[in-house]
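Peer 1: Got a structure for you, written out below as structure tokens; questions coming shortly.
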Amino acid sequence: MLATLIPLFDHTMSVCAYSVFAQKENYLLNPRMLGMGRFDGASNVVGFELIENMGLETVAGDKLVFVELNNISFFAEIAEQCDAPHDRVVLVLDREIPSEDRYVDRVKELKEQGYKFAIRKLPVNRFEEYREMLKLMDFIMLNHKRIDIGKAKVYFSKVYPQIKLVAVNVDSQDEYDRLKEGGGYDLYEGEFFRMPVKKGTEDIAPLKVNYLELLRVVNDIDFDLTDAAEVIERDPALVLSMLEMVNRMTVNAGIKDVKHAAAMLGQKELKRWVNMAATKELCVDRPSEIMRMAMIRARFAENLAPVFHMASQSSELFLMGLFSVLDVIIEKPMMVALDMVRVSKEIRSALLERNGPFAGLYDFMLHYETASWQEVSRLMVVGDIEIDPVYEAYVESLKWFRDLFAPEEK
């Protein structure tokens with residue numbers, strides 16, 4: 001299976017929900033699935049498999065999760081396929097599910113069980129046809145480029161006041177800012193939050209400069225542990241975090257000195273911890289999804305290393321994933337951002353020019369993240385890559401992130 005999570009933001013750039021985008025098979029390897037074979041197992045809601053495999057908290061935390069239905073799974077025993085609380089699940093329909101009595105009655109039945117509903121890909125000229133269905137919807141997902149939000153806001157507030165409007169295909173920060181300022185939409189979905197930074201902003205805060213210096217020190221080829229410890233000592237938060245981690249690893253050691261802790265970790269583990277801890281601190285004033293994406297990309301890239309026959313370079317691939325949004329984190333162009341830290345030429349080539357030995361894995365990861373399943377399928381065929389290891393690599397990265405920042409839930 002292929003599956004990924006797409007965040008939905010509110011007007012404060014806080015994530016309110018995740019959409020599960022999933023595909024059961026690689027259709028390029030299984031062309032019969034594009035014909036009558038597409039109905040094989042169609043009563044199974046593909047997105048539920050990810051939720052059941054990982055648990056709703058791992059997938060979406062305390063947020064809503066949007067899951068697509070087709071016109072067959074729509075009539076399946078949905079509650080039996082997923083144990084998640086019904087009021088946390090938004091079942092997503094599209095125009096392939098008609099607004100006929102038996103479909104409307106089915107929505108009513110599922111809403112009585114506590115499920116929420118959304119509809120997408122419904123053109124304006126079919127709103128009247130879907131009147132009875134729209135009366136039951138909690139969300140409608142609109143392509144903001146094809147709709148006059150001023151008119152839509154008036155229309156929905158009068159006819160369907162219960163529906164929240166979701167702008168999809170929001171491709172840039174400028175689009176998001178314009179839509180937010182204009183009002184009308186409740187949620188926003190698109191790539192705007194992770195688009196590369198083209199122009200630098202104001203000077204970087206002194207504390208962030210310290211984190212960047214630390215990243216620069218530990219990513220030197222043969223850095224000195226004492227040099228790294230001296231930079232860590234400048235930040236009480238990093239000191240506490242490091243000592244807590246080391247003392248958790250070495251029971252009853254009672255280590256109270258940063259240099260001693262650095263020596264206990266050694267270069268490899270200290271480098272890994274610093275890269276994650278400093279990146280987390282750099283993200284503290286950025287949308288939380290940026291830090292989440294950086295960490296999951298890092299682990300996903302590391303997990304994909306054996307799949308791409310680069311197992312020996314997994315630690316470098318981890319760093320590539322982690323720094324792939326460094327420009328967004330510090331609001332500087334990527335070339336400027338990478339000049340502030342030390343990375344290998346392979347990482348620089350992948351992130352700046354999309355070439356070199358890491359570029360193929362990086363492109364694959366980006367297509368996977370945005371649910372570009374046709375391109376992902378093509379790359380798997382070209383690279384002779386099996387679907388299961390890729391899915392397992394992604395799922396493990398989500399679980400790793402959960403355990404990394406919620407250790408008490410282990």
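The values are calculated or read from the model by the stated rules, or taken from the named source; none is laboratory data. Predicted model, so just to flag it, every value in this text is computed and none were measured. Cβ coordinates were reconstructed from backbone atoms using ideal geometry, including for glycine residues, and neighbour counts include every protein chain displayed.
Peer 1: I need every pair where a residue in region 111-138 that is at pLDDT 95 or above and assigned to a loop (DSSP other than H, G, I, E, B) has its Cβ under 8 Å from the Cβ of a residue that is of a type in the set (S, T, N, Q) and surrounded by fewer than 19 Cβ atoms within 10 Å (Cβ to Cβ), sequence separation at least 6 or different chains.
Peer 2: 137/162; 138/162
Peer 1: While we're here: Just name the residue that is surrounded by the most Cβ atoms within 10 Å (Cβ to Cβ) out of those in region 72-83 that are in contact with a Phe, Trp or Tyr (Cβ under 8 Å, 6 or more places away or on another chain) and assigned to a loop (DSSP other than H, G, I, E, B).
Peer 2: Going through the qualifying residues, I end up with 82.
Peer 1: A further question follows. Restricting region 220-240 to residues that are at pLDDT below 85 and of a type outside the set (Asp, Glu), which is surrounded by the most Cβ atoms within 10 Å (Cβ to Cβ)?
Peer 2: Looking at residues that are at pLDDT below 85 and of a type outside the set (Asp, Glu), I get 237.
Peer 1: Got a sec? Which of 101, 174, 148, 105 is within 22 Å of the chain's Cα centre (by Cα), surrounded by fewer than 20 Cβ atoms within 10 Å (Cβ to Cβ) and either of a type in the set (Gly, Ala, Ser) or more than 20 Å from residue 44 (Cβ to Cβ) (or both)?
Peer 2: Just a single option satisfies the conditions, and that option is 174.
Peer 1: Residues that are over 26 Å from the mean Cα position of the chain (by Cα), within 20 Å of residue 339 (Cα to Cα), of a type in the set (A, V, I, L, M, F, W, C) and not assigned by TED's automatic domain parsing to the domain that holds residue 366: does region 230-246 have at least one?
Peer 2: Checked against the condition, which is being over 26 Å from the mean Cα position of the chain (by Cα), within 20 Å of residue 339 (Cα to Cα), of a type in the set (A, V, I, L, M, F, W, C) and not assigned by TED's automatic domain parsing to the domain that holds residue 366, region 230-246 yields at least one hit.
Peer 1: Here is a list: 300, 401. Which entry is in contact with a helix residue (DSSP H, G or I) (Cβ under 9 Å, 6 or more places away or on another chain), under 28 Å from residue 245 (Cα atoms) and modelled with pLDDT under 95?
Peer 2: Step by step, each of 300, 401 is checked, and only 401 is in contact with a helix residue (DSSP H, G or I) (Cβ under 9 Å, 6 or more places away or on another chain), under 28 Å from residue 245 (Cα atoms) and modelled with pLDDT under 95.
Peer 1: Here are 394, 362, 368: which of them is in contact (Cβ under 8 Å) with a residue 60 or more places away in the chain, over 21 Å from residue 20 (Cα atoms) and in contact with a Ser or Thr (Cβ under 8 Å, 6 or more places away or on another chain)?
Peer 2: One residue alone meets the criteria, 362.
Peer 1: Looking at (1) within 23 Å of residue 336 (Cβ to Cβ); (2) out of contact with any Lys or Arg (no Cβ under 8 Å at 6 or more places or on another chain); (3) not in a loop (DSSP other than H, G, I, E, B), which one does residue 157 not meet, given that it meets all the others?
Peer 2: (1)
Peer 1: Determine whether region 166-179 contains at least one residue that is touching a residue at least 40 places away in the same chain (Cβ under 8 Å), assigned to a helix (DSSP H, G or I) and within 20 Å of residue 294 (Cα to Cα).
Peer 2: no
Peer 1: Something else: For region 276-287, how many residues are under 14 Å from residue 404 (Cβ atoms), surrounded by fewer than 21 Cβ atoms within 10 Å (Cβ to Cβ) and within 16 Å of the chain's Cα centre (by Cα)?
Peer 2: Number of matching residues: 1.
Peer 1: Restricting attention to region 260-281, does a residue exist that is outside any helix (DSSP H, G or I) and either farther than 18 Å from residue 215 by Cα or modelled with pLDDT of 85 or more (or both)?
Peer 2: Scanning region 260-281, I find no residue that is outside any helix (DSSP H, G or I) and either farther than 18 Å from residue 215 by Cα or modelled with pLDDT of 85 or more (or both), so the answer is no.
Peer 1: Does at least one position in region 85-95 carry a residue that is surrounded by 13 or more Cβ atoms within 10 Å (Cβ to Cβ) and assigned to a loop (DSSP other than H, G, I, E, B)?
Peer 2: yes
Peer 1: Among the listed residues 168, 197, which satisfies the condition of being modelled with pLDDT under 85, of a type in the set (Val, Ile, Thr) and surrounded by fewer than 20 Cβ atoms within 10 Å (Cβ to Cβ)?
Peer 2: Result: 197 is the single residue among 168, 197 that is modelled with pLDDT under 85, of a type in the set (Val, Ile, Thr) and surrounded by fewer than 20 Cβ atoms within 10 Å (Cβ to Cβ).
Peer 1: Conditions: (1) part of a loop (DSSP other than H, G, I, E, B); (2) within 22 Å of residue 9 (Cα to Cα). Residue 98 meets all but one. Number of the miss?
Peer 2: All conditions are met except number (2).
Peer 1: If I ask for residues that are closer than 19 Å to residue 18 by Cβ and of a type in the set (A, V, I, L, M, F, W, C), which ones from region 112-136 would you list?
Peer 2: Correct list: 117, 118, 119.
Peer 1: Identify the single condition in (1) assigned by TED's automatic domain parsing to the domain that holds residue 151; (2) out of contact with any strand residue (DSSP E or B) (no Cβ under 7 Å at 6 or more places or on another chain); (3) not in a helix (DSSP H, G or I) that residue 254 does not satisfy, given that it satisfies every other one.
Peer 2: In the conditions (1) assigned by TED's automatic domain parsing to the domain that holds residue 151; (2) out of contact with any strand residue (DSSP E or B) (no Cβ under 7 Å at 6 or more places or on another chain); (3) not in a helix (DSSP H, G or I), residue 254 misses (1) alone.
Peer 1: May I ask you to verify whether residue 312 is over 20 Å from residue 198 (Cβ atoms), without any contact (Cβ under 8 Å) to a residue 60 or more places away in the chain and assigned by TED's automatic domain parsing to the domain that holds residue 399?
Peer 2: yes
Peer 1: Further question: Out of all the residues in region 373-387, is one or more out of contact with any Gly (no Cβ under 6 Å at 6 or more places or on another chain), closer than 30 Å to residue 207 by Cα and basic (Lys, Arg)?
Peer 2: Scanning region 373-387, I find no residue that is out of contact with any Gly (no Cβ under 6 Å at 6 or more places or on another chain), closer than 30 Å to residue 207 by Cα and basic (Lys, Arg), so the answer is no.
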